[in-house]
Amino acid sequence: MNDNSTCPDGMAADGAVSVGRRVLLAAPRGWCAGVDRAVVAVEESLRRFGAPIFVRHEIVHNAFVVESLKRQGAVFVEDTADVPEGSILILSAHGVAPQIHQEAADRNVITVDATCPLVTKVHREAGRFADEDIEIVLIGHEGHEEVVGTLGQAPGHTTLVEGPDDVAALEVRDPGKVAWLSQTTLSVDETTRTVAALRARFPALISPPSDDICYATQNRQNAVKQIASMSDLVLVVGSSNSSNTVRLVEVAETAGVGLAQRIDGVADIDESWLADVSVIGVTAGASAPESIVVEVLAWLAARGYADVQTVETAQETTVFSLPHELRRDLRGEAAAGASRRAETEGTRPEAVERDVP
């Protein structure tokens, strides 16, 4: 398989025009710093403390990643009440409402907060606006874990809108004290339109100090726009519940590609999509592992698309440190907490400590 970097106009780095069947491989693509941090947090917890390690919701929205962690001993739960007392619970990259932290503390569950730092930034902005009694309009998708977590930061001050069509029906207490925040994985273009509609309705609209849509989401959307403009077909690797993956498909379609398809892996590729296709664009959502992209490229190479040309629109160097909780003796804290609780309730600590996994 040949892998040559290309300029955005479709010419090879040496100036020669590429012809025939080929793959345009988007860069950046796949795992971002926040996803890598969350997955490594689970793996490191399993290594240090042993199975089972409980995880609230999918750690990231990718079926392959979740199944891999299950095989290593991670147990995924939807409710803190499903976690045995004294256990270790990892909070997913999407973030949670403050009440989840309190629920865990009430059950003597030790939490490892793997929330993406860029989501945490939005949470802090929500708290700051609420403290200043500013009404918050959150742009996002109802029911998405990240949105649920952000709404929980300031529930009395926050209203959700999904797009520009929702703006007209908004009711606020004071049109002069309205701010907007957004889910980090939205389409940049769609969010821009929603903000424009908000500003037309509320001219004094307050923006967050910096863009809420994360750098990785923006970079992947810019890259897929570039390859879509030169491709007959775009394949986006990622799971159906991954917001940023779904947005990549939409961005590719808007950029004018004939067909854009989301796939979990090679098993989802329909060979009929390749009919009369010369150029195939390939990218991956921010929670999709590179190993699946490699499998897709091998599958395409076996069908005549062996020329792989990387189209790079940005370089990413961001790295997030692991959650600070992983620098502590979590098992020791769990046992100590159980002992204190046992003394309060008048039971023998040994009996409680045996419940600690």
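Is the stretch 221-232 home to any residue that is outside the structural domain of ALA93 (by TED's automatic domain parsing) and assigned to a strand (DSSP E or B)? No.
Do we have ALA179 as farther than 30 Å from SER45 by Cβ and in contact with a helix residue (DSSP H, G or I) (Cβ under 7 Å, 6 or more places away or on another chain) here?
Numbers: farther than 30 Å from SER45 by Cβ: yes; in contact with a helix residue (DSSP H, G or I) (Cβ under 7 Å, 6 or more places away or on another chain): yes.
When the stated conditions are applied, ALA179 passes them.
Taking the stated definitions as given, is ARG56 without any contact (Cβ under 8 Å) to a residue 60 or more places away in the chain and surrounded by fewer than 17 Cβ atoms within 10 Å (Cβ to Cβ)?
On the way: without any contact (Cβ under 8 Å) to a residue 60 or more places away in the chain: yes; surrounded by fewer than 17 Cβ atoms within 10 Å (Cβ to Cβ): no.
It is false that ARG56 is without any contact (Cβ under 8 Å) to a residue 60 or more places away in the chain and surrounded by fewer than 17 Cβ atoms within 10 Å (Cβ to Cβ).
Scanning the stretch 240-263 turns up at least one residue that is in contact with a Lys or Arg (Cβ under 8 Å, 6 or more places away or on another chain) and over 14 Å from VAL224 (Cβ atoms). Per this entry, VAL251 is not counted among residues that are in a helix (DSSP H, G or I), buried (at least 22 other Cβ atoms within 10 Å of the Cβ) and either touching a Leu at 6+ places or on another chain (Cβ under 9 Å) or in the same structural domain as ILE59 (by TED's automatic domain parsing) (or both). Among the residues of the stretch 111-129, is there at least one that is outside the structural domain of VAL237 (by TED's automatic domain parsing), of a type in the set (Phe, Trp, Tyr) and at pLDDT 95 or above? Within the stretch 111-129, one or more residues are outside the structural domain of VAL237 (by TED's automatic domain parsing), of a type in the set (Phe, Trp, Tyr) and at pLDDT 95 or above. Selection within the stretch 209-220: residues that are buried (at least 18 other Cβ atoms within 10 Å of the Cβ) and assigned to a loop (DSSP other than H, G, I, E, B). The member of this set that is modelled with the lowest pLDDT is ASP212. Within the stretch 40-50, the residues that satisfy the criterion of being touching a residue at least 60 places away in the same chain (Cβ under 8 Å) and not hydroxyl-bearing (Ser, Thr, Tyr) are VAL40, ALA41, VAL42, GLU44, ARG48, PHE49, GLY50.
In the set (1) over 30 Å from GLY86 (Cα atoms); (2) assigned to a strand (DSSP E or B); (3) in contact (Cβ under 8 Å) with a residue 24 or more places away in the chain, the condition left unmet by HIS141 is number (2). Mind listing just one residue for me: the one in the stretch 257-308 that is among the polar types (S, T, N, Q) and in a helix (DSSP H, G or I) and, of those, farthest from SER92 (Cα to Cα)? Checked the stretch 257-308; the qualifying residue farthest from SER92 (Cα to Cα) is SER272. Note on the stretch 20-73: residues that are in a helix (DSSP H, G or I), over 29 Å from ARG303 (Cβ atoms) and of a type in the set (D, E, K, R) amount to 8.
The values are calculated or read from the model by the stated rules, or taken from the named source; none is laboratory data. Fair warning: this is a prediction, and the values are worked out from it, not measured in the lab. Because the Cβ atoms are built from the backbone with ideal geometry, glycine has one as well, and the counts that use them run over all protein chains shown.
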